[in-house]
Amino acid sequence: VAFGQGMAVLLSCSSGGLRQAPATREPAPLPPAPEMIPDPVAVVPEVTIPAPHGPRQDSLRSQQLVAVARSVRMGTRGLERSTELLREALSADSTNRDALWELGWNYQLMTRWSDALDTWGTLASHAPRHVGLQRYAPIVEMRRDRATQRAQGGLPAVEETPRSGEYFTVGAVGDIQLGTTWPEDAPRIPHDSARSMFTPLAAVLRHPDVTFGNLETVLADSGVSTKCRRGSRNCYAFRAPTVFAKTLRTFGFDILSANNNHASDFGQFGMRSTMDALDAADLRSSGSIAGLASWETRGLKIALLAFSTGDGPFRVQDVENARHAVLEADRNHDLVFVSFHGGAEGSNATRVPRTNERAYGEDRGDVFRFARTLVDAGADLLLGHGPHVLRGMEIYRGRFIAYSLGNFAAWHGFNLRGPLGISTVLLVTLAPNGVVMDATIHPVALVGPGIPTPDPSQRAISIIRELSELDFGNPLFDARGRLLKP
């Protein structure tokens, strides 16, 4: 009875003040497992512990303590109190599977990785198929090992052997240009909010766990560009309506690079408008204003850093600064993805040289040195774009590098003749530690004004195989576009 009264006091204090935290761009480092933690605004009902004490009553008391522990797990003090209650629950019933799961989860929220794994090891002995163990235990084990290496004064090793756990698939495409409403007296945009541009490949784009693209269009409903002089033939300023962001989300895109040579076509106003439109459509992005993108996939915390050749803080030419940015992102993320807009442009820019490239009198960086340096620093997937043609691909230290994914979508804005109109949707499957497990090329051809469409001639496969063999000594894919397994 005394315990029941104590429960009533605790519940009456905790249930009234719980609110859902507002959404933020960057989620908490380690989110609660959705299948295990109830809605934080739910009220835990008052209970009375039956008497006399016995195995059945102890089990009931243990389960009620778990319910309260879940309800108070908010903030540092709430986490500590929740942990105390879970220990008490296990004192009453040492086989309580919910208590073991929740206590292990609390420990990993507190970055007590070994305690979390020990607790979940006990749970596995009682319930080896418990929901969550297969997904989260390998991730916590990886975090423990990385933390140990850092505590010993070193950087986490680049692991070239895949860890156990759930694999996940990333879809990636190159340059996305959505038409333009500028100049306003001669707009060129698709009539249906660009839906027709992505309909032919909707199933492929929606299939991966995460789908990436390089957005080479400012999203703004107004604004003036001073980029191009009147009568210029080789200058383009792209501005599409902000509603087009919803189209990208609808057709499967999750993360975008907004760092390229068209991101600033309409100055700071255009960059801010683009970020706001993407935020409103629940699209994560990385760019000069957005900075690092951070999100969760299958329990893994992932970062995207987008680099370009412009004047922003993330420049392809500044390899040392890029290296430090990856090292910093790697401190509080399980995986780091890198997008880079660099290299020469045009039909003759299909090769990857081992030196700086130039285009239109500009330094476009040494993308080979850039990519491999960032893998050495901890990057796990590198996705290149900018040359407007497909380039070779390689696996370096277990990490997949696509040096250019080519044009993907355009609307009367790009030259699409020859190799400029051949593209792909690349699918890459990764282990939890970033080691590539599989990859597939889905050949694409840009038809009409620049609509990406499945290519029955499968030209992208032969192009990527040939260029990969020429530049890296390995075609990497078989004739069907599947990764060659060693």
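The values are calculated or read from the model by the stated rules, or taken from the named source; none is laboratory data. What you see is a predicted model, and the numbers here were worked out from it, not measured in a lab. Positions of Cβ are generated from backbone atoms using ideal geometry, with glycine treated the same way; all protein chains shown enter the neighbour counts. All accessible areas refer to the heavy atoms of the entire protein, side chains included, with ligands and DNA or RNA removed. Shrake-Rupley method; radii C 1.70, N 1.55, O 1.52, S 1.80 Å.
Working only within region 112-156, note down all residues that are part of a loop (DSSP other than H, G, I, E, B), in contact (Cβ under 8 Å) with a residue 40 or more places away in the chain and either on the phi > 0 side of the Ramachandran plot or open to solvent by 60 Å² or more (accessible area, probe 1.4 Å) (or both).
131, 132, 155
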Return the residue satisfying two criteria in turn: it lies in region 190-202 and is in a loop (DSSP other than H, G, I, E, B) and open to solvent by less than 60 Å² (accessible area, probe 1.4 Å), and of such residues it is farthest from residue 224 (Cα to Cα). 192
Subset tally (residues that are within 27 Å of the chain's Cα centre (by Cα) and either at pLDDT below 95 or open to solvent by 10 Å² or more (accessible area, probe 1.4 Å) (or both)) for region 459-471: 1
Can you say whether residue 379 is modelled with pLDDT under 95 and open to solvent by less than 10 Å² (accessible area, probe 1.4 Å), as far as the supplied structure shows? no
Could you list, ordered by first residue, the pairs with Cβ atoms under 9 Å in which the first is in region 172-183 and in contact (Cβ under 8 Å) with a residue 12 or more places away in the chain and closer than 18 Å to residue 196 by Cβ and the second is assigned to a strand (DSSP E or B) and among the acidic types (Asp, Glu), at least 6 apart or interchain? none
Members of region 337-362 that are touching a Leu at 6+ places or on another chain (Cβ under 8 Å) and outside any loop (DSSP other than H, G, I, E, B): 337, 338, 339, 340
From the list 357, 320, 362, 328, pick out the single residue that is more than 30 Å from residue 151 (Cα to Cα), among the acidic types (Asp, Glu) and open to solvent by 30 Å² or more (accessible area, probe 1.4 Å). 362
Could you please give the count of residues in region 260-291 that are at pLDDT 95 or above and more than 20 Å from residue 182 (Cβ to Cβ)? 8
Name the pairs: first residue in region 78-101 and closer than 16 Å to residue 56 by Cβ, second residue open to solvent by less than 30 Å² (accessible area, probe 1.4 Å) and of a type in the set (Gly, Ala, Ser), Cβ to Cβ under 8 Å, at least 6 apart or on different chains? 89/62; 89/69; 89/99; 92/62; 93/62; 93/99; 96/62; 96/89
Across (1) open to solvent by 10 Å² or more (accessible area, probe 1.4 Å); (2) touching a Lys or Arg at 6+ places or on another chain (Cβ under 7 Å); (3) of a type outside the set (Val, Ile, Thr), residue 431 clears everything bar (1)
Of the residues in region 382-413, those that are among the aromatic types (Phe, Trp, Tyr) and surrounded by fewer than 21 Cβ atoms within 10 Å (Cβ to Cβ) come to 396
Test for residue 284: is it out of contact with any Asp or Glu (no Cβ under 8 Å at 6 or more places or on another chain), crowded, with 19+ Cβ neighbours inside 10 Å and under 27 Å from residue 434 (Cβ atoms): no
Do we have any residue at all in region 308-326 that's of a type in the set (D, E, K, R), touching a helix residue (DSSP H, G or I) at 6+ places or on another chain (Cβ under 8 Å) and more than 27 Å from residue 431 (Cα to Cα)? yes
Please list, ordered by first then second residue, the pairs with beta carbon atoms under 9 Å, 6 or more apart or interchain, first in region 457-486 and under 18 Å from residue 438 (Cβ atoms) and of a type in the set (Phe, Trp, Tyr), second open to solvent by 20 Å² or more (accessible area, probe 1.4 Å) and assigned to a loop (DSSP other than H, G, I, E, B). 477/484
So residue 373 clears everything in (1) part of a helix (DSSP H, G or I); (2) of a type in the set (S, T, N, Q); (3) open to solvent by less than 10 Å² (accessible area, probe 1.4 Å) except one condition, right? Which one? (3)
Residue 213: passes all of (1) surrounded by fewer than 16 Cβ atoms within 10 Å (Cβ to Cβ); (2) in contact with a helix residue (DSSP H, G or I) (Cβ under 8 Å, 6 or more places away or on another chain); (3) closer than 30 Å to residue 332 by Cα but (1)
I'm trying to understand the selection: among the residues of region 242-293, which are touching a Lys or Arg at 6+ places or on another chain (Cβ under 9 Å) and of a type in the set (Asp, Glu)? 254, 265, 279, 282
For residue 173, state whether it is of a type in the set (A, V, I, L, M), crowded, with 23+ Cβ neighbours inside 10 Å and modelled with pLDDT of 95 or more. yes
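Yes or no: residue 273 polar (S, T, N, Q) and over 19 Å from the mean Cα position of the chain (by Cα)?
Numbers: polar (S, T, N, Q): yes; over 19 Å from the mean Cα position of the chain (by Cα): yes.
Considered against the rule, which asks whether it is polar (S, T, N, Q) and over 19 Å from the mean Cα position of the chain (by Cα), residue 273 comes out as yes.
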